[in-house]
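The values are calculated or read from the model by the stated rules, or taken from the named source; none is laboratory data. Worth saying up front: this structure is predicted, and the values here are computed from it rather than measured. Note that each Cβ is placed from the backbone with ideal geometry, even for glycine, and that neighbours are counted across all protein chains shown. Ligands, DNA and RNA are excluded from the accessible area calculation, which covers all protein heavy atoms including side chains. Shrake-Rupley method; radii C 1.70, N 1.55, O 1.52, S 1.80 Å.
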There are 6 protein chains.
Amino acid sequence: MKPTPNSPELAPLLALGAHPDDIEFGCGGIITRETRAGRKAHFVVCSHGEAGTYGTPRQRIGEAKKSAVLLGATIEFLELDGDAHLEVRAAHAIKLAEIVRRVRPGVVLAPSLVENQHPDHSRLGKLVRDAARLACYGGLKELRRRPPHKIGQLFFYAVTPEAEPSDISPVLIDVSAREIMKTWTAAMEAHASQTSSRNYVELQLTRARLLGTRAGVEYAIALFPNEPLVFASLAQAGRGARQF
Amino acid sequence: MKPTPNSPELAPLLALGAHPDDIEFGCGGIITRETRAGRKAHFVVCSHGEAGTYGTPRQRIGEAKKSAVLLGATIEFLELDGDAHLEVRAAHAIKLAEIVRRVRPGVVLAPSLVENQHPDHSRLGKLVRDAARLACYGGLKELRRRPPHKIGQLFFYAVTPEAEPSDISPVLIDVSAREIMKTWTAAMEAHASQTSSRNYVELQLTRARLLGTRAGVEYAIALFPNEPLVFASLAQAGRGARQF
Amino acid sequence: MKPTPNSPELAPLLALGAHPDDIEFGCGGIITRETRAGRKAHFVVCSHGEAGTYGTPRQRIGEAKKSAVLLGATIEFLELDGDAHLEVRAAHAIKLAEIVRRVRPGVVLAPSLVENQHPDHSRLGKLVRDAARLACYGGLKELRRRPPHKIGQLFFYAVTPEAEPSDISPVLIDVSAREIMKTWTAAMEAHASQTSSRNYVELQLTRARLLGTRAGVEYAIALFPNEPLVFASLAQAGRGARQF
Amino acid sequence: MKPTPNSPELAPLLALGAHPDDIEFGCGGIITRETRAGRKAHFVVCSHGEAGTYGTPRQRIGEAKKSAVLLGATIEFLELDGDAHLEVRAAHAIKLAEIVRRVRPGVVLAPSLVENQHPDHSRLGKLVRDAARLACYGGLKELRRRPPHKIGQLFFYAVTPEAEPSDISPVLIDVSAREIMKTWTAAMEAHASQTSSRNYVELQLTRARLLGTRAGVEYAIALFPNEPLVFASLAQAGRGARQF
Amino acid sequence: MKPTPNSPELAPLLALGAHPDDIEFGCGGIITRETRAGRKAHFVVCSHGEAGTYGTPRQRIGEAKKSAVLLGATIEFLELDGDAHLEVRAAHAIKLAEIVRRVRPGVVLAPSLVENQHPDHSRLGKLVRDAARLACYGGLKELRRRPPHKIGQLFFYAVTPEAEPSDISPVLIDVSAREIMKTWTAAMEAHASQTSSRNYVELQLTRARLLGTRAGVEYAIALFPNEPLVFASLAQAGRGARQF
Amino acid sequence: MKPTPNSPELAPLLALGAHPDDIEFGCGGIITRETRAGRKAHFVVCSHGEAGTYGTPRQRIGEAKKSAVLLGATIEFLELDGDAHLEVRAAHAIKLAEIVRRVRPGVVLAPSLVENQHPDHSRLGKLVRDAARLACYGGLKELRRRPPHKIGQLFFYAVTPEAEPSDISPVLIDVSAREIMKTWTAAMEAHASQTSSRNYVELQLTRARLLGTRAGVEYAIALFPNEPLVFASLAQAGRGARQF
């Protein structure tokens, strides 16, 4: 049951965020869980957070890099339209598809498609969903330098409770292990410009505790699969969350 | 990744049907997949199909027993209100909870809750969902002879395409292996009184082929989990169904 | 396009109501439209309205009979549990299935399944939906005196705006013709015990006007089909409601 | 019931596809059904399929033309943003509205709005829906060369099972006639670059067979109306799909 | 803005629970908020919790009485079918309607209608919704001893996170005041048989904290209105929850 | 309960429309209700209606100005992409956010997000929703001339019945007072170029009458809140709409 680092289950993880702290707040506990198990993780951050109320772009880039190190991930910044300016353009999806072809991930994590949140979040989610398709199409001229790549699964994460989709059944990932929670918390706190004056870290820990109660563990994080999950047998299909 | 017969993943499977052929038509391929892997399976059939247009109760009981043998499952018949007469009564849920405590399953399969199908189907689904809870409650006098039992997961199956819920994300189980499809087909055909004059077997194979195309395999069957699935890591969370 | 009285399109219409005025208020305009075209219509009323605030059972039975005559329909009263006491029992569905086998309708009209209305309404809707199935099952002992019957389509009507389902696409029936509106209004006003002190008639005319505006006609009534509609060609599939 | 070629029911059909094979795979059986009944059909294809893995633009244009001939339709290619590059722009909707004014169709067919499919599909669906409105607005300068036109109905088709909307009740069109199925299959196979190595044709036939089973016929194709359907009477409202 | 005890806004509150601790865990903070403002509150508890794993009926009755005193409410126990045996019967709805006529509440609180929770919860919710209607009907013989009563609003509360409806927009009630949180916590802890070994109190406080974060206050509890809210002006329509 | 002009409940109202008559037709009765109570109201109209079938831009600007005076509101016209050309661009949302910072409203009213209506309507709704967020973000360079502003609540209005969202619970505002209805009607009729040949005024009055019947008043208008409503107590949470 424990896959070794070279097994296909450990194909790289690619996580994308619209702002420097989105990945960490939305699913940082899962990232550290996976990198500790030997999976490579790569972050793509699509703005410098320059429209936010707190922190300069330079500070925020530094915080994101520090946090990625804590979570065991590599990181790159991608220029699209800038913070609070992101639009759904085919050219952006193609740029993201090029990254998919380069990183060749098994799992992709993107912000959820719920529209009633920061507009950059759902737009990036849509762009990533499109990118995962475009990465497979053999005829795209912009991408011809790299062979097509088919990912294993696209999961959406929710940066805030409001971003949780109500039309996709979630899967819950157990992040209760002490070292996971410690690393996740540290990664969130590394975004000092965002957390000093606000209760963002507490918000995420409260969410994870509530989902953990539901899942019968101490802490859990929800992901929302873009496609039905395929299993070879029921033995692989997990257990149900409810504690009767 | 291949659990041995004594592993906790192989706790018994309990499948319930309102009529003698519901389990086979709805998810027979999954049953044979599981029993071949060493899991025990037990069927509870809640009528003799006496209201159906074809077949006598005696014939139908015989067909169900023969089919259960083919699928590697044990079978029992439970008297509730009779075919086409099933009602949602607390006493029924308690009877079913007693079976849950006796069989002590890891996985429970029940007909879906979609109401626009044979009324016995969705009512049995509701009763089983309630039974799975009642099996855990320590104070129920009717059940005090057996200790409480908490199941691992309840999945719903759809006897017909119309019975597929639109508000639960399905999981797809690969049943493409030649011996699985052969056994499943034989188990459906064992219900000779139901299949001689109608295209029920073709209907199920067509559905499985369509889902298989979606899942990137030859044949697949959908199950609909009653609760979010809990995983220890992304390596266990399966892969997505879509063939881009 | 104009079916003659003996054509299959003019198989009898069966409309069911929980109270003496439900059919008239919910879809009376459609009834008169159909009987004027030569279709037979039969009403089954499942209480005497004895729990209502206004009118005695005797008055209400008289009003319903008078209204049925105006609409060109025959009428019978069926004893189930009584007004405000209706429950979803298998025995009721079987009684209703017997009526389906006797009347052998092409079209069945029943109150909608929306639960947040008078509880008798949605319960009767569920019972009728089940009855339409049971009428087809050959093995039901209670029904063996009459051969099985398969209806053409079950439509739900909404007695009040709140009863309109939000999960079924409606079809809109044009009832603008002067004589239709006049007869429908008279049939509603025949329920004098219910309409003298309240604005029920105005409510229905307002609804029909609003739907008519949407449909590009003067007045329309919505029905909600229980199953997808089947057409031999697009020429039969109607036109869209929106007036751009 | 059989409309002659000049009847209003036979106003031209306009079908739009994002790629050269979308119309054929999504609803080709309906096209041949309609043209055989005397209706004119016109295809607008909005890319050359140049981003696809198989086939050159030149091949694909040839295949589409050949297929259109088989289905009895005329065809034109419209330059928008190119394959896998389509965006929702007002200028595109206006171009499409100009085609609506030129063709003056009774029925319009467009790919469904479900977003989790090839991004060009749902975007074209949105553009067509907008175009159907804009075609009616008298003040649009770009369109002033042609008088406004109001279509009869817009239906969405689903290129793949995943593209079927879950929030619109479908209508099912019977395409069982031998010559219809034969022509439809030939039209799909005309897209030889797409079908030689993949099971696209089988996928569509399997879908049509499953829907046919539901509709009580051999093969059926689902369409999803953008607006409630308006009927003059119940005799026109079709029959229900379920085979009890 | 502060209504005095005799104002119409302070008509009595009636809260119903299926088990002795449901009201407290689901919405106890709101109860103490209202009774502190001068509103009368009355609890109806529909079982003794005798099917639960912990606590005897005698203990649980005592705990419920103690807790009601803490919250400033009166309490009565109503015999329906017993714990884990509740069914949706017309006779139960009529019994509850009689209580509505006796208490004559402005606001009624009942467990939510979500079915995937303890079956008694959603069934009581349905019965209360029906009871609120039946209380208005003038002709019900069983109720003729008391005049009809029309409540102001029915709100549903969620005993657990899973019981929160996804199809009703919630309203959030601010319960942050120190004395409210203290009393609510004490009322939950008064159910000592249920809380000693489990984290039920923490679960509710975590939920309230998460909703509070959303509402821009420290703690909040969600209620789900059964009907659209009616306001005389926008000044009364509250403010939005999201903290941008 | 009656707020004086200077109370925080009477912070300015900002209403936005895509065309010169959208605000009046969608929620004009609420505007006059609020300005009569002493609240300031400001309209932003994002085109001159130049794509419409009737009226010149000059006429329509004049009608909008006249109507705003009748409703007691100030008005400005904002150039975005022009009538029937509106797109969802980040630059537009920022322009609108600048207006939010300038007007500093308590309540914002925008057209609903339902996509199956005039495309400008839902696009403006999305832009306003985004603008309400962007107005709070401290780092946006384009907005640095004005301090951030957090609105109290965003409500959507529906210009036509089809534009009413089915996934948000509405709130109903009572507009029955004679002077309110008179002013609203006059404001709609001020758009003489739009109303002379069509039944737009009747449509809105019919809608308001139907909602009024539901709310137990003579006329009501529905608004759809973008966020859950927050209340300090149940006394403020309104009453339910249904007239049992």
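Limited to the stretch C:71-112, what total is found for residues that are open to solvent by 20 Å² or more (accessible area, probe 1.4 Å) and assigned to a loop (DSSP other than H, G, I, E, B)? Before the answer, list the steps.
First, pick out the residues of the stretch C:71-112 that are open to solvent by 20 Å² or more (accessible area, probe 1.4 Å): C:72, C:74-81, C:85, C:87-89, C:91, C:95, C:98, C:102-104.
This time we only want the ones that are assigned to a loop (DSSP other than H, G, I, E, B), so: C:72, C:78-81, C:85, C:87-89, C:104.
The qualifying residues number 10.
Residue under question is E:Val128, and the condition is that it be open to solvent by 10 Å² or more (accessible area, probe 1.4 Å), β-branched (Val, Ile, Thr) and touching a residue at least 12 places away in the same chain (Cβ under 8 Å); does it hold?
In short, no.
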Among residues of the stretch F:1-49, those that are touching a strand residue (DSSP E or B) at 6+ places or on another chain (Cβ under 8 Å) and at pLDDT below 95, counted: 1
Would you pick out the residues in the stretch D:26-60 that are more than 14 Å from chain A (Cβ to nearest Cβ), open to solvent by 10 Å² or more (accessible area, probe 1.4 Å) and in a helix (DSSP H, G or I)? D:Arg33, D:Thr35, D:Arg36
The lone exception for E:Tyr54 - which of (1) modelled with pLDDT of 95 or more; (2) farther than 24 Å from E:Asp174 by Cα it fails: (1)
Looking at D:Ala91 and the list (1) out of contact with any Lys or Arg (no Cβ under 7 Å at 6 or more places or on another chain); (2) under 24 Å from D:Arg133 (Cβ atoms); (3) touching a residue at least 12 places away in the same chain (Cβ under 8 Å), which single condition is not satisfied? (3)
For the stretch A:131-146, how many residues are open to solvent by less than 30 Å² (accessible area, probe 1.4 Å) and more than 10 Å from chain D (Cβ to nearest Cβ)? 2
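Mind listing whichever residues of the stretch C:177-206 are of a type in the set (Lys, Arg) and either away from chain F (no Cβ under 14 Å) or in contact with a strand residue (DSSP E or B) (Cβ under 8 Å, 6 or more places away or on another chain) (or both)?
Here is the first cut: in the stretch C:177-206, the ones of a type in the set (Lys, Arg) are C:178, C:182, C:198.
Selection gives C:Arg178, C:Lys182.
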Matching residues, the stretch B:177-201, being open to solvent by less than 30 Å² (accessible area, probe 1.4 Å) and assigned to a loop (DSSP other than H, G, I, E, B): B:Ala190, B:His191
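Residues in the stretch C:147-169: is at least one assigned to a strand (DSSP E or B) and either more than 14 Å from chain B (Cβ to nearest Cβ) or open to solvent by 20 Å² or more (accessible area, probe 1.4 Å) (or both)? Walk me through how you get there before you give the answer.
From the stretch C:147-169, those assigned to a strand (DSSP E or B) are C:153-157; that's our starting set.
The next check asks that each one be either more than 14 Å from chain B (Cβ to nearest Cβ) or open to solvent by 20 Å² or more (accessible area, probe 1.4 Å) (or both); those that pass are C:157.
Among the residues of the stretch C:147-169, at least one is assigned to a strand (DSSP E or B) and either more than 14 Å from chain B (Cβ to nearest Cβ) or open to solvent by 20 Å² or more (accessible area, probe 1.4 Å) (or both), which makes the answer yes.
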Mind checking which residues of the stretch D:207-244 are in a helix (DSSP H, G or I) and either more than 9 Å from every other protein chain (Cβ to nearest Cβ) or closer than 19 Å to D:Val175 by Cβ (or both)? D:Arg207, D:Ala208, D:Arg209, D:Leu210, D:Leu211, D:Gly212, D:Thr213, D:Arg214, D:Ala215
If we keep only residues of the stretch E:61-70 that are open to solvent by less than 50 Å² (accessible area, probe 1.4 Å) and of a type outside the set (Val, Ile, Thr), then the residue nearest to C:Glu87 (Cα to Cα) is E:Ala64
E:Pro20 passes all but one of the listed conditions (1) touching a residue at least 60 places away in the same chain (Cβ under 8 Å); (2) out of contact with any Asp or Glu (no Cβ under 7 Å at 6 or more places or on another chain); (3) open to solvent by less than 10 Å² (accessible area, probe 1.4 Å); the exception is number (2)
Within the stretch F:214-244, the residues that are of a type in the set (Asp, Glu) and either open to solvent by 40 Å² or more (accessible area, probe 1.4 Å) or closer than 22 Å to E:Val107 by Cα (or both) are F:Glu218
